[in-house]
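Note sheet for the following structure.
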Amino acid sequence: MVHQHFMLVPEFTARENIALATMGNTRGVLHPDELSRTAQTWAKKLGWELPLDTKAGRMPVGVQQRIEILKVLALDSQVLILDEPTAVLSPAEIADLFRVLRQLAGEGRTVILIAHKLSEVLSVADRVVVLRQGRKVAEAAAADVDAAQLETWMVGGRDPLQLAESHGGGEVVLEATAVTVLGDRGSVAVDGIGLECHAGEVFGIGGVDGNGQLELAEALAGVRPVSEGQVRRPDKTGFVPQDRRGDGLALDLSVQENLAVGMMDDHGLRFGPFMVPARLRASAQNLVSEFSIKVADVRDRVGGLSGGNQQKVVVSRVLNQNPELLVVMNPTRGLDVRATDFVHSVIKHAAANGAAVVLFTTDLDELDLLSDRKTYMSGGTFTQTMGGATV
């Protein structure tokens, strides 16, 4: 199985993670090179560069996802289950992956693809099954249905998405000048970039993962230092990281406790230096209601929520602080249609209410839908092309 949330050991290299998945037993001497050879062969077939000696925790999420897929392919499994495997891949990489999945199915293997992107499902599947609230609600041959029918089955009908119009062109809220940022390994990840983002504007930055987006986003949000250049940002800056489980939430704490992180400066919730539990609970419940977070009790563990509801916890906590600048990375990765609509809506409303929003996304449809202005990143710099083709 390829899990939606990575199962890699962060301190192991790619080679070691693949060996761990393919070693079978612990008897005898382990040879990671031999154990990872099949995965290396698959990587060449897919056209993926495999940084064998880099620790997984230092890799971009897109590269981590590729290693997860290669782990499964290296096992020569007869049944493959893939949960949102394309979330961090470019269109060309998705096409390569689907070609391989069709090849595996043609060889007699069973491939189960769990996905929310309906166009992808219809492009590769022979048969589709739709689940809603834990129950199977429909099943059909892929050739007999279209995306609209699948969406109706998935969400039971929904209101058309109403996106608030932003009003870009206001004052400059964010200004980055000749910014250079180093990656975790000390090499240059962002090379001399300059940008401005205005109040009421969504400035979109697309591109394939691993081209400096993570480092630039963290630098703009103030959580990673710049080695050269300057970033001028407001004090009230909000950041929605791309890895909600690893960077956005404390999974073993409650929904209320995770929301409380953004309420520490609210004097109405405090008595002297102490947070008042009853006030904190009421405020958390208000956010749960406002953002339609599905949880039985705000004291429930946030790690038990679905991915969409976890993302809503992160987004609601950030927006509750009324940031003047909002930096978001792949905010709908792995979310279903309804949750995606909701996150898109709150991002546009934030801009319509005067926030400057910098959106980093690998989803070209999302980039086009939300952005007032857009550009792409490749090799640590801005470009007007993506993947070698003009977009």
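Annotations for the structure displayed:
- Taken one residue at a time, the phi angles of the range 365-381 give Karplus couplings (6.51, -1.76, 1.60, θ = phi - 60°) of 5, 5, 4, 5, 5, 9, 7, 7, 10, 8, 8, 9, 10, 8, x, x, 10 Hz. Gly and Pro are set to x.
- Near the amide H of L80, within less than 5 Å, lie the amide hydrogens of T110, V111, I112, all on another chain or at least 5 residues away, with H placed in the peptide plane.
- Note on E49 and M264: the model spin-label points, each 7 Å out from Cα along the C-beta direction, lie 3.8 nm apart.
- Taking the Cα centre of the range 173-242 as origin and assigning +1 to Lys and Arg Cβ atoms and -1 to Asp and Glu Cβ atoms, the resulting dipole is close to 140 debye.
- Between T38 and T110, the FRET efficiency estimated from the beta carbon spacing at R0 = 22 angstrom works out to 0.65.
- Label-point separation in nm, A282 to D368, each point 7 Å along Cα→Cβ: 4.8 nm
- Under a 5 Å amide H cut-off, with hydrogens placed 1.01 Å from N, F239 pairs with V327 among residues at least 5 apart or on other chains.
- Listed pairs K55/K117; K44/K312; K136/K312; K71/K136; K71/K294 exceeding 32 Å between Cα atoms: K44/K312; K71/K294
- For D300, distant residues with modelled amide H under 5 Å away: V255, Q256
- With 0.36 nm allotted per residue and the present C-alpha distance subtracted, the S119-A92 stretch has 8.3 nm of extension available.
- For the chain, the longest principal axis of the C-alpha atoms and the axis of helix 307-319 are separated by about 30°.
- Rg then Dmax, both in Å and based on the Cα atoms of the range 248-296: 10.9, 32.
- Rounded FRET efficiency, nearest 0.05, which uses the C-beta distance separating D300 from Q103 and R0 of 56 Å: 0.85
- In order along the range 105-110, the Karplus-derived 3J(HN,Hα) couplings, from 6.51 cos²θ - 1.76 cosθ + 1.60 at θ = phi - 60°, round to 5, x, 7, x, 7, 9 Hz, and Gly and Pro are given as x.
- Read-out percent of Cα pairs over 29 Å apart, derived from the coordinates shown; its label in (1) 38; (2) 60; (3) 48: (3)
- Helical content of the chain, expressed as a calculated mean residue ellipticity at 222 nm, amounts to -10000 deg cm²/dmol (DSSP H runs of 4 or more residues, -39,500 (n - 2.57) each, divided by residue number, nearest 500).
- Between A141 and S187, the contour length at 0.36 nm per residue exceeds the Cα-Cα span by 11.7 nm.
- ³J(HN,Hα) computed for each position of the range 184-201 - Karplus, 6.51 cos²θ - 1.76 cosθ + 1.60, integer Hz, glycine/proline x: 5, 8, x, 8, 6, 9, 10, 10, x, 7, x, 7, 10, 9, 9, 4, x, 10
All of the numbers you see were taken from the coordinates with simple rules; none came from a lab. All values derive from a computational prediction rather than experimental measurement. No Cβ is skipped: glycine too gets one built from the backbone with ideal geometry, and neighbour counts run over all protein chains shown.
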